[in-house]
Structure formats: structure tokens, C-alpha cells
Amino acid sequence: MPTTHTVAAALAVLSGPARARHFGVASRDGLLLHRTDPGRHAPDDYDDYGVEVTGYPAGWSVAAARAAITAEAPVLLTLLKDPDPAIRIDAAYALATAADLDHTVRTALAARFATEHDTMVRAALLLAAAETTRAHAHPPTVRWLRERWQDRTEAPEARLAAAVGWLASLIASGSGSLSVMCAR
């Protein structure tokens, strides 16, 4: 029988391949981004990752990992209710890479947030919702993130996570300039 520590470690490893690697280059444009934009790239997997030395498109492993996580999302969703906060955090981290076209993952993250008492789990749920929204635009989630960071009764860790997620969502939508953000 696997221990809680083993499950948490497996969840942490699970979503690693589903996230874009920036090879030491970090920018605000890549914040919470875990894959290339399907609107900019052909479905042949030849995206801005280039080609591996084997000749395969480098992005194929990201797509394969995301497809596997999406297929197992129902199992991962049940882990959001695990008694161990580390499991809940890692489940949210893994779920953030699932394709969420029907908003099932974001709905579950928000529902868990509403009942969650652990500050760090609350922050993880917000970041997971933001990462999913970065990949699949969803204005209601962007508004929810904005409401969370503006809520002064919320713990500072959760407010910070919501603010980072909200800003990343604005950047992704093209409305992330300082003048636009200050006008809101």
C-alpha cells in the first residue's frame, strides 16, 4: 500500500513533463504557461520547442503527458479531498496541466477552495486555476482570481497567488500592460 509521501511524490513527478521547459529563460510572458498556444501552432506537434535529437518533435512529450493527465483527471479530482494537504497541493498542481475545455477542473478547484482551510492549499488551488485558465481562456475564472486577490480577509499567501494568477491571465489575454491593469 503506498504511503501518503509516496503518492505526493508521484503526483509531483506526474505533471513535470506536461509543463513547458524554458531552458533557463524566464519571462512574464511564460508565467504559468505549460504548453504552446494551439492557435499559433499547427496540430503536427512542430511547435516552438523544435525537434529533439531523435528527430521527434520536442513538444510531443508535453502533449502526451497532458493527454494522460486529462484522461485520469477524474481520479486526480478525488485527491483534492485527501486529508493530507501535500496530496491536495500536488493534485491541484497536476490537474493544472489537464485540458479543461468543459471547465470541470476549474469548477472542482473553486469548489475545493470554498471549503479549504489550509492557507497553502488555498494558494495552490488558485495557482492551478490560473494555470488552467492560461491554457484555456475563461473570463469567469479571471474575474474569480481578481476577486480573491482583492479580498482583504483572505490570507496573504492566497491573495498573492490570486494576484499572480490574475496578472498571468491578463498577460495571456493581451491586456496585461501596466496602463490597462492600473485602469481596472
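How much area per residue is accessible in region 65-182 when the probe is 1.4 Å and only protein heavy atoms are counted (Å²)?
Ligands and nucleic acids excluded, the result is 46 Å² per residue.
With every protein chain left in place, what is the accessible area of Asp102 in Å² (1.4 Å probe, nearest 10)?
110 Å²
Between Ala10 and His103, what is the label-point separation in nm under the 7 Å Cα-to-beta-carbon projection?
About 3.2 nm, to one decimal.
Between Glu72 and Arg152, take the C-beta separation as r, use R0 = 45 Å, and let me know the FRET efficiency to the nearest 0.05.
0.75
The values are calculated or read from the model by the stated rules, or taken from the named source; none is laboratory data. Computed from a predicted structure; not experimentally measured. Quick reminder, even Gly has a Cβ in these numbers, built from the backbone with ideal geometry, and neighbours come from all protein chains shown. Side chains are part of the model used for accessible areas, which takes the heavy atoms of the whole protein and leaves out ligands, DNA and RNA. Shrake-Rupley method; radii C 1.70, N 1.55, O 1.52, S 1.80 Å.
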